[in-house]
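Here is the structure we will look at.
The values are calculated or read from the model by the stated rules, or taken from the named source; none is laboratory data. In this text, all values refer to a predicted model and were calculated from it rather than measured experimentally. Neighbour counts run over all protein chains shown; Cβ positions are idealised from the backbone, glycine included.
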Amino acid sequence: MSGRSKLATVLAISALVAAPTATASAATEPEGPALAKKLAKKVTVEGINRHLIAFQRIGDRNGGTRAALTPGYDASVDYVAGKLRDEGFIVSTPTFNFDIQVSDAKLARVDGVNYEAIVMTASPQTPVGGVTGPLRVVPEDATTGCEATDFAGQDFTGSVALIRRGGCTFEQKHLNAFAAGAIAVLVSNNVDGPLSNVTLTNPGKIPTGGVSKADGTTLAGKAGLPITVDMRYHLETRTQRNVIAQTKTGRTNNVVMAGSHLDSVEVGPGINDNGSGSASLLETALQLGSRPKVDNAIRFAWWGAEERGLIGSTKYVQSLTFEQQLDIALYLNFDMVASPNAAYFIYDGDNSDNVGAGPGPYGSAQIEKAFADYFVAKGVPTEGTDFSGRSDYGEFIAQGIPAGGLFTGAEGVKTAAQAAKWGGTAGVAYDPCYHSKCDNLGNIDRTALGRNAGAIAFVTAAYGVSTEDVNGVPPRAKRADARSAGKMSLAAHDDHDHLAVA
C-alpha cells in the first residue's frame with residue numbers, strides 16, 4: 001500500500017477509518033484503477049474451479065489428503081509453483097523446520113473401554129497414566145460450552161468435561177471448563193470422523209483433546225462414570241515448503257503481499273479449507289501476469305503447515321529482517337472463501353464491530369474499507385470478523401504489518417439474521433464439512449466463490465497501483481483538495497489585504 005498518479009480514486013480508499021458494516025444496494029461498478037477492474041473480470045469461477053479440480057485429484061491420488069508432510073501436499077506445492085513459473089513469476093519454495101507432536105498416548109478410558117482422544121496443539125499433556133475424574137457432559141445447544149452458564153447446574157470440580165464442537169473456539173470451551181473446575185476436556189466432533197489437527201491457539205490451562213462424533217455420542221451416555229484421559233506426546237523435527245511468487249514489476253520496497261494456506265487437514269482434501277483461497281489466489285496471480293503495470297510489486301504466498309498451527313507463515317515472517325518486513329506494505333489473507341452456507345466476513349481492521357481481539361496495526365482499517373467498498377458497489381452486505389489468531393495474518397499483525405482479508409465462515413453457526421441477509425440455512429454451520437472428509441469438490445458455494453474472487457482480484461490489483469492510505473499518506477485527490485482549499489484561502493486573504501490598503 002505508493003504513487004497515486006494513475007488513480008482517480010482507489011476503491012474510494014480516501015477515508016482513514018474503515019467503513020461501517022456494508023449494506024446491500026444495487027450493484028454498480030466499483031471505483032478504482034483500470035487494472036483492478038480488468039483483473040476482477042478476468043478472474044472467473046471457471047478458471048478457479050479448474051485449480052479446485054486439480055486439488056481434488058491430487059488428494060484422491062494421495063490417500064484423500066493434501067495435509068502437510070504428505071505426498072498430497074508436495075504435489076500441491078509442485079502444481080502451484082509450476083503454474084507460476086510457466087507464467088514467468090519469480091518463484092521460490094523456501095523450506096522451514098518445525099516440531100510435530102508424535103503421540104505416546106491418546107486415549108480416554110471409561111467403563112473398561114478405550115476411545116481415541118487426540119491432544120490438541122497448545123494443550124498441556126497429562127501425566128503418565130493420565131488424569132481421572134467423573135465424566136460431566138455439557139448440555140448441547142447451538143453454542144455448547146461457549147458460555148459460563150453452560151456449566152451451571154453440575155459440579156465440574158475435578159471432572160473431565162465432554163463438550164460438543166461448534167459455536168465458538170476450542171479455546172473458549174476449554175477456558176470455560178477450566179473456570180468451572182474441570183481437570184481435562186474432551187471436545188467431540190460435530191461431523192463424522194476424528195477431531196485432529198486442531199489447536200487451542202494459545203497455551204492451554206488443562207489437557208484438552210478431541211474425540212470423534214460417534215465416540216462423543218457414546219461417551220455422553222456414560223455421564224457420571226469415572227473416566228481416565230491419557231494424552232501424551234514427544235516432539236520430532238520435520239521440514240516443509242512454502243510457495244512464494246513475486247511480480248517482476250513494481251517497487252520492491254513497498255510490496256503488496258497476499259497469501260493463502262495450501263495444506264488441508266489429514267482427513268480430507270480441503271477443497272474449501274483452503275483450496276478455495278489457494279485457487280482464487282493462484283488464478284488472480286496467473287491472470288495478473290508476472291509483468292503487470294503496477295507501482296508496487298505484488299508478492300503471492302501459499303503457506304504450508306497452517307493446519308498444524310500457522311507454522312509456514314509464522315516462520316516466513318520471522319525469517320525476515322526488520323528492513324525486509326518494512327518492505328511489506330500490507331498483507332491480505334484468504335482462508336475459506338467459498339463455504340457452502342456462506343457468510344461474507346471482512347477482517348475487522350478497526351474493531352468497529354467490536355468482535356473481540358481489537359484493531360489491527362495502522363492501515364488495517366483502510367484495508368477493511370477497501371473490501372467493504374467493493375462489496376457495497378456489488379450490492380453484497382458484509383460483516384466484520386475478528387482477528388481471532390486462527391489464520392496466517394497472525395504473525396504479520398504481531399510484527400505491526402497491516403492486514404486484512406476475507407472469510408466465509410467455518411464451524412460457526414449462521415444466524416437467522418444472516419440467513420435473511422445472505423441466504424442459506426440458519427442454525428447450521430457455515431461449513432458443515434469443516435475439517436472433515438466431505439470437504440471436497442462438492443463443498444463449494446460457487447456464488448460466494450465468484451464474489452470473493454472478484455474482491456480478491458480487485459483489491460490486490462488496486463493496492464498494486466497505490467498503497468498511500470495504508471502508508472499514512474493522504475490520497476492524491478485529498479491532497480489536491482487541500483491544496484485547492486489553501487489557494488482559495490490565500491486568495492481570499494490577499495483580497496482582504498488589498499481592500500484594507502485601498
Answer residue from region 212-224, given it is under 15 Å from V185 (Cβ atoms) and not hydrophobic (A, V, I, L, M, F, W, C) and is surrounded by the fewest Cβ atoms within 10 Å (Cβ to Cβ) among those
D215
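Have a look at G153, G63, G112, G88 and point out the one that is touching a Ser or Thr at 6+ places or on another chain (Cβ under 9 Å) and more than 30 Å from T252 (Cα to Cα). I'd like the intermediate steps shown before the answer.
On the way: G153 fails: touching a Ser or Thr at 6+ places or on another chain (Cβ under 9 Å); G112 fails: touching a Ser or Thr at 6+ places or on another chain (Cβ under 9 Å); G88 fails: more than 30 Å from T252 (Cα to Cα).
The conditions single out G63.
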Checking T382, T415 in turn, the sole residue that is crowded, with 22+ Cβ neighbours inside 10 Å and farther than 22 Å from G312 by Cβ turns out to be T382
Region 321-336, subset part of a loop (DSSP other than H, G, I, E, B) and touching a helix residue (DSSP H, G or I) at 6+ places or on another chain (Cβ under 9 Å), residue nearest to G389 (Cα to Cα):
D335
So, in region 295-314, exactly how many residues are farther than 13 Å from G394 by Cβ and part of a strand (DSSP E or B)?
7
Considering only region 270-279, I want to know if a residue exists there that is crowded, with 19+ Cβ neighbours inside 10 Å and in a strand (DSSP E or B).
no
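For region 183-208, name all the residues that are of a type in the set (G, A, S) and over 23 Å from D392 (Cα atoms). Walk me through how you get there before you give the answer.
Of all residues in region 183-208, those of a type in the set (G, A, S) come to 184, 188, 193, 196, 204.
A184, S188, G193, listed by residue number.
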Number of the condition not met by N341 [criteria: (1) over 16 Å from the mean Cα position of the chain (by Cα); (2) assigned to a helix (DSSP H, G or I)]
(2)
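Based on this model, can you work out whether G454 counts as in the same structural domain as G250 (by TED's automatic domain parsing), of a type in the set (G, A, S), closer than 15 Å to L330 by Cα and at pLDDT 95 or above? Quick ask: steps written out before the conclusion?
Working: in the same structural domain as G250 (by TED's automatic domain parsing): yes; of a type in the set (G, A, S): yes; closer than 15 Å to L330 by Cα: no; at pLDDT 95 or above: yes.
Answer is no for this residue.
Checking the conditions here, which among G193, G166, G209 is crowded, with 22+ Cβ neighbours inside 10 Å and in a loop (DSSP other than H, G, I, E, B)?
On the way: G193 fails: crowded, with 22+ Cβ neighbours inside 10 Å; G209 fails: in a loop (DSSP other than H, G, I, E, B).
Answer to the selection: G166.
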With the requirement that a residue be surrounded by fewer than 17 Cβ atoms within 10 Å (Cβ to Cβ) and either closer than 24 Å to T284 by Cα or of a type outside the set (S, T, Y) (or both), what does region 96-124 give you?
N97, D99, V102, D104, A105, R109, D111, G112, V113, N114, E116, P124
Since R291 meets every condition but one in (1) out of contact with any Leu (no Cβ under 6 Å at 6 or more places or on another chain); (2) outside any loop (DSSP other than H, G, I, E, B), which condition does it not meet?
(2)
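Please verify whether K83 is of a type outside the set (F, W, Y), modelled with pLDDT of 95 or more and over 24 Å from the mean Cα position of the chain (by Cα), treating the condition exactly as stated.
Details: of a type outside the set (F, W, Y): yes; modelled with pLDDT of 95 or more: yes; over 24 Å from the mean Cα position of the chain (by Cα): no.
Taking the combined requirement at face value, the residue does not satisfy it.
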What's the number of the condition C438 fails, among (1) part of a helix (DSSP H, G or I); (2) at pLDDT 90 or above; (3) over 18 Å from H261 (Cβ atoms)?
(1)
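Test A75 against the criterion of being in contact with a Lys or Arg (Cβ under 8 Å, 6 or more places away or on another chain), assigned to a helix (DSSP H, G or I) and not polar (S, T, N, Q), and give yes or no.
Values: in contact with a Lys or Arg (Cβ under 8 Å, 6 or more places away or on another chain): yes; assigned to a helix (DSSP H, G or I): yes; not polar (S, T, N, Q): yes.
Criteria met by A75.
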Across region 302-316, what is the total count of residues that are under 22 Å from I90 (Cα atoms) and surrounded by fewer than 24 Cβ atoms within 10 Å (Cβ to Cβ)?
3
